[in-house]
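Below is one structure, written out as structure tokens; the observations come after it.
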């Protein structure tokens, strides 16, 4: 039985449940190992007047104290534009930016060393949010534009117009394992870096540039991460660079680990967005024109913000065909840690903006919000070209909406909720359906490439290495499944080792949901090459020229470790024997595969192209109950259908779906980043920053996979799953909005931004609170 | 008197001396015992990744409970059996729940997983079948960012308890009980690096140590009950004092008993009684409180944190403070000089300040139960339903008889520097029929009489609105005739999330600590 398609347990599952899986900080300290930590900037924006580390160096146990001047290579870094200083030079641009990095023999000495550093800094005015940045005209890049049709004409044919602004909050990744790196100096200036990173190649490059050594002097290895969610795509680099700088200076191994509080305070998050929107609609709820201006809070440097903004703009359609649309985007430069990748990568914000518009159109037209979503939905044969010119092929969205509507009894429940809300003095209920159409590929074309190395050993066991990093999402399990089938060996015969830059070079981050698509495809290429060799050898062994059966490699079948020639099914040899014979014949038992996603192309200047290989689609229905007196909200039921093509591993995919949804739900409900006026993050630990707990997830959570045989273009006909379900968490927010429709009557929509915290809900309802009392 | 801690770790005896006694258990396990399965994420008891099991001898047998190893000092674990995730294997084999977790994809990144496995082991120790609700209530203290929890619940519910070994089966209890019982009867003093840790075996020893410390050092030692508050404070950088006394193991202070007093009973809660024991004792006597305590922290916090500690912390967001105020609880305190009883209204003197003298400690809290026709209503409003600190909490006690309410007591948490009664608001309601108009007047006055802060848990406006609305909510519940005479409120509408039978607000946390 092929491994692909099986519900195989996560390849670290047995280790995780017994506490035996090794994360970086689980390693016992190496002999002489130091701990490193930072002296953080006390101001969000400040001019550095003086920094003095002399006292710190006198603290017993402190062995190094480095400032910007001590960085031998580049102190500036960034994945696209190197405009962030690792260590503060003249000006600090976010609160917590490292002013100095200290290395010490133990935690106590480190604490004392950090305290002994003198930092004199003149505070400068700080810009912290989008409104302030717009007022200050503080931006990171030029305005981006994507448009289609004639917006002016669209408004002219509209029966009505909705317009307004929407604040969309950021989100903390809240991976449980905080950022960490261990740098081990080697000979001749070389450096080995163990990093909890989604992007070992970038850590390798950043460390090499900071140290001033060639890339080939640095090996970055990542065995696994305790969660990442985008937060370790670029920002794993800083801890690694700082550990490596101290290691280079002292010649000792150095561990740099952020505690959870500092990790939350000092590293980037999902971008907050603000949307200024104006939309024209017909009386039946169809959008005729959409004019959206998106602003993101980029933080202090570029990081990945342009790509995040671009994805937001490319996802402002979500499931809706927009005949006349104009989307502009700007990145605000603020004095916050540079905002970065987080599962969805701008997509959720772009989608939130448009789903909000659809909700307002529903309120304005008096139509059910699901009817409005459905009437605007992309068609299968027409109305199926996106605003950037990509055709939505094999569109399953109409089927998803219609199946979900029937399966979850949307209409029956709507009627019940109408009755309930009319009668209940204590609670309100809300119901909403939202869909997702998520583009799969990096929008930067060059990143859509991967390489893989597959080695077969003489005992028949196999190791595969790729640039994919394991953060819990199961990419290693899937790659094992793919390689096992491709070579014809058992799943157990294949191992995926730690990801390392000396095995796989110039790799892309494991991100954009395409870790399996890219790396699995590269592994498949390598396996195909190996099979060509092995099949040729097998044909020689199994063929029988005297009997008229000339060796024919195409006749060779290898499955579950057994090899035979289809013409002689009775003669079978173990894979192990084939490998031994191949070795004797001196043929290669290791191959490298290379893969580049075909057909992706996007022109930034024109805003047109086919940036995505395909779309992953889905829909969810969410119901909430709100306490009229306190605003507290509970999600009481979720029904969800995803089109994942043919799942490579349904168990793992199911975990991605539910986990992603719940993360999106958290963003939309309880998770709120609260800042003080001086830029200090006040919600910097799980005590104050509330990700969903187990009781926030409804017991009634129904997940179904859409059977879609038409998706044929990607690996094993599967679809990527990592990010799309997160966007369905927006259905919780839309359900909250739906509940609010019943407070004020349908002519008035209370403006509910994102997230829908209890406080936001109560404030949205509060003007009616005593009214509802009086009405009883 | 011993000068070393005696405990068991994964079935083997262990003697701990010196600085190691002061380490948090998680650090001790990871760095001193090469047991890195136990993870640390938040170091403040709010994520559950560090969950371990701690067995204590009670009535001659080992009772294991989940604890948060990042806020439990090794010193607090004298005379206990600590079992970590590494100690849950059956030989080399995964246990039945671990197998189910693997099968159901209950682990993704794996970082929360050891804590979850330990917490579920704790739930399974009772031997009671685990249904979905029990698993969900049992894991409110364990955050997972990957799975959305669904697979974890399925794994726990799918586990066949018949084939899952309890800890008494993995670790034959007899020798451990014998060793720990004898250890528990001894006092312990560990000195190292200028610091003294003392674990008394009797209350007299405790009071003597307290008096001596005050006399010799001019200030009291840190008194640890469960340490769930002080553990956080020290993890987050506050200096530890030079001496500490752990009273959590003092059997004299761990009990509960009911006394009669006039027309009602009084529950006398020992000074080291955990919130969990308090909650269990109130299930029949004061179900409103028992259910409210479901939202106090999380199970491992309630396993360690004490009722007295929550009062002594005297935080305006301490979850038990409002209810103690409206129930007219009394605090029994003792010193080597003698004993006295302080009414709750006098015990809290300001922001994190109490009426305790430096040489005094709480030995009991006297909690009056409800008399005939009396009702208690508790609300807690927070950002997240479980394991959260309240933005505002409200406690309301009243008698409802002959169409009139009297004996009205109102207290809010989270709206002022300390928790105190709202006399003027009470007066508006006192002696009147509980009409919605009357409640509206009280609600307006409540909002006017407070000046709450704006902070990370909510704006001043939000808090003021909540103070009003909680009274309105109560008014609606009374108006709807929802009280059925035993102090309980029937659900006016469908319950939130179906987990508890009350359609109440919900939400919880607050911390205990034994600070004196």
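Okay, here's what the table says:
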{"quantity": "Space enclosed by the convex hull of the alpha-carbon atoms of segment B:285-378, per residue, Å³", "calculated": "107"}
{"quantity": "Global form of chain B, assessed from the alpha-carbon gyration tensor, a/c cut-off 1.5", "calculated": "oblate"}
{"quantity": "Cα→Cβ-extended label distance, 7 Å offset, between residue B:182 and residue B:455, nm", "calculated": "4.9"}
{"quantity": "Projected label distance in nm at residue A:604 and residue A:406, using a 7 Å step from Cα toward the beta-carbon", "calculated": "4.6"}
{"quantity": "Separation between Cα centres of segment A:593-611 and segment B:227-300, rounded to whole Å", "calculated": "62"}
{"quantity": "Percent of alpha-carbon pairs separated by more than 19 Å within segment B:398-451", "calculated": "26"}
{"quantity": "For A:67, B:38, A:118, order by how many other beta-carbon atoms lie within 10 Å, fewest first", "calculated": "A:118, A:67, B:38"}
{"quantity": "Cα extents of the protein assembly as shown along the three principal axes, largest first (Å)", "calculated": "106, 77, 71"}
{"quantity": "Sum of -39500 (n - 2.57) over DSSP H runs of 4+, divided by residues of chain A (222 nm, nearest 500)", "calculated": "-9000 deg cm²/dmol"}
{"quantity": "Stokes-Einstein D for segment A:57-185, Kirkwood Rh over Cα pairs, 20 °C, 1.002 mPa s (µm²/s)", "calculated": "107"}
{"quantity": "Cα gyration tensor shape of segment B:79-237, rounded if a/c is under 1.5, else prolate or oblate by comparing a/b with b/c", "calculated": "prolate"}
{"quantity": "Separation between Cα centres of segment A:391-410 and segment A:546-584, rounded to whole Å", "calculated": "47"}
{"quantity": "Diffusion constant of segment B:37-148 at 20 °C, which comes from Stokes-Einstein with the Kirkwood Cα-pair radius and 1.002 mPa s, µm²/s", "calculated": "148"}
{"quantity": "Where only C-alpha atoms are counted, convex hull volume of segment A:664-769 per residue in Å³", "calculated": "199"}
{"quantity": "Where only alpha carbons of segment A:237-364 are counted, the Rg and the Dmax (Å)", "calculated": "19.8, 72"}
{"quantity": "Under the Debye formula (equal points on every Cα, no solvent term), log10 I(q)/I(0) of segment A:142-257 at q = 0.15 Å⁻¹", "calculated": "-0.67"}
{"quantity": "Span from the segment B:60-115 Cα centroid across to the segment A:509-531 one, whole angstrom", "calculated": "37"}
{"quantity": "Cα gyration tensor category, rounded, prolate or oblate, for segment A:317-446 with a/c compared to 1.5", "calculated": "oblate"}
{"quantity": "Of every Cα-Cα pair in segment A:291-387, the percent that sits beyond 24 Å", "calculated": "29"}
{"quantity": "Where the Cα pairs of segment B:259-417 fall when distances are cut into 5 Å bins, in %", "calculated": "2, 9, 18, 23, 22, 15, 8, 3, 1, 0, 0"}
{"quantity": "Quarter of the Cα convex hull surface for segment B:82-164, i.e. its orientation-mean projected area (nm²)", "calculated": "5.2"}
{"quantity": "Averaged over B:35-46, number of beta-carbon atoms from partner chains that fall within 10 Å", "calculated": "6"}
{"quantity": "For segment B:121-198, the spread of Cα positions along each principal axis, largest first, Å", "calculated": "49, 32, 16"}
{"quantity": "Size descriptor, Kirkwood hydrodynamic radius, that averages inverse alpha-carbon separations across segment B:47-102, Å", "calculated": "12.6"}
{"quantity": "Per-residue average of Cβ from other chains inside 10 Å of A:620-632", "calculated": "6"}
{"quantity": "Taking the convex hull of Cα positions in segment B:1-76, its mean projected area over all directions (nm²)", "calculated": "5.6"}
{"quantity": "Average projection area in nm² (convex hull over Cα atoms of segment A:100-165, one quarter of hull surface)", "calculated": "10.0"}
{"quantity": "Shielding by partners, peptide B:377-389 (average Cβ within 10 angstrom, other chains)", "calculated": "6"}
{"quantity": "Paramagnetic label zone (point 7 Å from Cα along Cα-to-C-beta, residue B:202; backbone N under 18 Å) in segment B:360-374", "calculated": "B:363"}
{"quantity": "Estimated Rh, segment A:364-436: Kirkwood, alpha-carbon pairs, angstrom", "calculated": "14.3"}
{"quantity": "Neighbour-count order for A:712, A:695, fewest beta carbons within 10 angstrom listed first", "calculated": "A:712, A:695"}
{"quantity": "Share of alpha-carbon pairs per 10 Å distance bin for segment B:159-224, given as whole %", "calculated": "17, 32, 20, 17, 12, 3"}
{"quantity": "Packing-based ranking, highest mean first, of A:237-250, A:99-112 given that Cβ atoms within 10 Å are counted", "calculated": "A:237-250, A:99-112"}
{"quantity": "Fraction of antiparallel bridges per DSSP, chain A only, in percent to nearest 5", "calculated": "80"}
{"quantity": "Burial order of peptide ranges A:46-55, A:424-433, A:352-361 (average beta-carbon count within 10 Å, highest first)", "calculated": "A:352-361, A:424-433, A:46-55"}
{"quantity": "Two-decimal ratio, segment A:653-705, of alpha-carbon radius of gyration to 2.2 N^0.38 Å", "calculated": "1.42"}
{"quantity": "Percent of alpha-carbon pairs separated by more than 17 Å within segment A:368-513", "calculated": "74"}
{"quantity": "Backbone N within segment A:476-491 under 12 Å of label point (7 Å from residue A:554 Cα along the Cβ vector)", "calculated": "none"}
{"quantity": "Spin-label pair residue B:479/residue A:328, simplified geometry with 7 Å Cα→Cβ offset, distance in nm", "calculated": "5.1"}
{"quantity": "Sequence of A:81, B:176 once ranked by neighbouring C-beta atoms within 10 Å, starting from the fewest", "calculated": "A:81, B:176"}
{"quantity": "Scattering profile of segment A:10-60 at q = 0.19, 0.26, 0.28 Å⁻¹ [log10 I(q)/I(0), Debye over alpha-carbon scatterers]", "calculated": "-0.84, -1.09, -1.14"}
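Only the coordinates and a few stated rules stand behind these numbers; no lab work does. Bear in mind that the values here come from a model prediction, so they are computed numbers and not experimental data. Cβ atoms come from the backbone with ideal geometry, glycine included; neighbour counts cover every protein chain shown.
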